[in-house]
Amino acid sequence: MIKKYDRSQEVTQNSKTRSPKMVEQSFGKHERIRKRKDYLKVYQNGVRVDSKNFIIISCRNRSGVKRLGFTASKKAGNSVKRNRIKRILREFFRLNKERFPVSQDTVIIVKKNVPSLKYQDVCRELESLLIQKTDVQ
């Protein structure tokens with residue numbers, strides 16, 4: 001009889017070997033806004049804060065988890081620029097989760113014609129937006 005490869009054991013073994021710090025700094029599927037319905041709910045009911053290059057909209061959710069979503073339209077640049085900005089935004093969220101409120105859905109919209117920003121520039125701008133957002137709420 002041929003043995004089938006069972007990936008479920010591999011996944012559980014890997015999750016056991018990960019340090020708690022690694023698990024805490026991940027950006028898993030449960031922390032992402034993935035459905036259109038959820039994006040629309042945030043757009044309609046959320047509090048909005050603007051800056052030069054980004055818009056942050058956030059509203060409460062019932063899941064008890066802080067979730068993040070991104071929107072970068074074609075107006076923000078070609079796919080290379082859009083994907084780079086989204087990578088930087090994911091990294092910012094991954095490393096600064098404690099700054100985002102629990103039980104909150106947050107959508108970050110990239111405005112059009114965003115220059116090729118460096119990670120430090122994006123961090124500065126998002127930190128100021130998060131401070132403004134906490135003042136508004």
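The values are calculated or read from the model by the stated rules, or taken from the named source; none is laboratory data. Remember, it's a predicted structure, so these values are computed and weren't measured experimentally. Please note: Cβ atoms are built from the backbone with ideal geometry, for glycine as well, and neighbour counts cover all protein chains shown.
Values as computed for the structure displayed
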item	result
Test for ARG82: is it assigned to a helix (DSSP H, G or I) and in contact with a helix residue (DSSP H, G or I) (Cβ under 7 Å, 6 or more places away or on another chain)	yes
Flag for LYS133 being crowded, with 18+ Cβ neighbours inside 10 Å and modelled with pLDDT under 90	yes
Members of segment 28-51 found to be surrounded by fewer than 12 Cβ atoms within 10 Å (Cβ to Cβ) and out of contact with any strand residue (DSSP E or B) (no Cβ under 9 Å at 6 or more places or on another chain), listed by number	GLY28, LYS29, LYS35, ARG36, LYS37, LEU40
Test: residue in segment 9-20 that is at pLDDT 90 or above and either among the aromatic types (Phe, Trp, Tyr) or outside any helix (DSSP H, G or I) (or both)	no
Test: residue in segment 82-93 that is in contact (Cβ under 8 Å) with a residue 60 or more places away in the chain and either closer than 24 Å to LYS37 by Cβ or surrounded by fewer than 19 Cβ atoms within 10 Å (Cβ to Cβ) (or both)	yes
Matching entry among VAL114, VAL122, VAL102 (being within 15 Å of the chain's Cα centre (by Cα), in a loop (DSSP other than H, G, I, E, B) and touching a residue at least 12 places away in the same chain (Cβ under 8 Å))	VAL102
Residue count, segment 55-79 (criterion: in a helix (DSSP H, G or I) and in contact (Cβ under 8 Å) with a residue 12 or more places away in the chain)	2
Filter result (of a type in the set (Gly, Ala, Ser) and over 16 Å from ALA72 (Cβ atoms)) within segment 116-134	SER128
The lone exception for ARG48 - which of (1) of a type in the set (D, E, K, R); (2) part of a helix (DSSP H, G or I); (3) at pLDDT 90 or above it fails	(2)
